[in-house]
Amino acid sequence: MLTIRQKKIIRLLEDLGGSATIDNLMTKLYISKSTLRRDLISLEKTSVVQRFHGGVGLVESGATESPISKRRMQNLIKKSFIAHLAGKLLHDNMVIFLDSSSTVNELCPLIRHFQNITVITNGINIAEQLNFYQNITCYICPGTVKHKSLSIIGQYAIDFIGNFTADAVFLSSKAILPNGIFEGDDAQALIKRAMMRQAKKIYLLCDDTKESTSGFFKLEDYRRIDLLLTSQPLSPTLSQIISEEGCKIVYE
């Protein structure tokens with residue numbers, strides 16, 4: 001029989017799309033790493049979850065290791081890795097923009113280790129996480145909640161972003177292609193453009209799978225990006241294009 005806390009873990013994983021990092025679960029459940037580990041071991045023995053390095057994912061019903069679950073967990077590992085690369089760019093007393101992407105969301109637990117950080121975000125998910133840390137001041141954009149999303153979009157949000165000047169913006173995108181950086185949504189892209197205009201440094205966080213996806217709305221050219229942080233080397237052709245536009249690629 002599952003305990004109340006174990007049921008909370010399962011519900012939280014469902015709310016987070018089926019997988020989460022250990023740090024994220026500890027923060028949201030207010031429990032220690034050792035307590036969480038014991039619960040996850042117990043759940044894994046009953047084939048409810050599957051643990052992996054740095055995180056855990058729900059096992060799909062009717063399969064001990066479904067392809068969907070594998071992909072979800074693998075992507076989380078990549079996003080966590082990229083977030084740790086981005087964490088090296090943080091320091092005390094920064095003002096930063098964070099978009100609402102799931103990759104940037106993985107950066108939140110790392111921000112808590114720095115003092116006097118100010119964050120401006122359009123992500124409800126981002127603000128919810130940062131709310132737990134007293135050393136962080138978080139502003140969330142006003143505007144319209146995007147349908148089936150935890151993002152704030154619209155002109156109110158764009159105007160609000162214009163009130164700030166930030167040391168850096170950390171953002172992700174739908175696709176990284178030879179002809180530029182693309183979004184699958186024009187409303188999200190306009191929010192990200194606003195953040196980029198107000199930031200001194202622009203850091204793009206994209207795992208290597210973004211090279212094989214597509215987006216209909218162009219966000220920006222690579223020449224506007226200071227660093228592209230990714231999970232492994234990109235294809236030689238795309239790497240050359242990005243480098244020729246003056247953007248540095250970091251994957252280690």
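The values are calculated or read from the model by the stated rules, or taken from the named source; none is laboratory data. What you see is a predicted model; the values in this text were computed from it and never measured. No Cβ is skipped: glycine too gets one built from the backbone with ideal geometry, and neighbour counts run over all protein chains shown. Quick note on the areas: whole protein, heavy atoms, side chains included, nothing else; ligands and nucleic acids left out. Shrake-Rupley method; radii C 1.70, N 1.55, O 1.52, S 1.80 Å.
Which of the residues belonging to the stretch 114-134 are within 17 Å of the chain's Cα centre (by Cα) and open to solvent by 40 Å² or more (accessible area, probe 1.4 Å)?
Selection gives Ile124, Glu128, Asn131.
Here is a check on your reading of the model: is Ala157 crowded, with 17+ Cβ neighbours inside 10 Å and in contact with a Pro (Cβ under 9 Å, 6 or more places away or on another chain)? Considered against the rule, which asks whether it is crowded, with 17+ Cβ neighbours inside 10 Å and in contact with a Pro (Cβ under 9 Å, 6 or more places away or on another chain), Ala157 comes out as yes.
Going by the conditions given, is Thr137 polar (S, T, N, Q) and open to solvent by 10 Å² or more (accessible area, probe 1.4 Å)? Taking the combined requirement at face value, the residue satisfies it. Among the residues that make up the stretch 27-44, is at least one of them loosely packed, with under 15 Cβ neighbours inside 10 Å, under 23 Å from Met1 (Cα atoms) and modelled with pLDDT under 90? Scanning the stretch 27-44, I find at least one residue that is loosely packed, with under 15 Cβ neighbours inside 10 Å, under 23 Å from Met1 (Cα atoms) and modelled with pLDDT under 90, so the answer is yes.
His147 meets each of the listed conditions (1) farther than 29 Å from Ile4 by Cβ; (2) crowded, with 19+ Cβ neighbours inside 10 Å; (3) at pLDDT below 85 apart from (2). When Arg11 is tested against the conditions (1) modelled with pLDDT of 90 or more; (2) assigned to a helix (DSSP H, G or I), the lone failure is (1).
When only residues in the stretch 223-249 that are surrounded by 21 or more Cβ atoms within 10 Å (Cβ to Cβ) and of a type outside the set (A, V, I, L, M, F, W, C) count, which is farthest from Ala175 (Cα to Cα)? Within the stretch 223-249, the match that is farthest from Ala175 (Cα to Cα) is Ser231.
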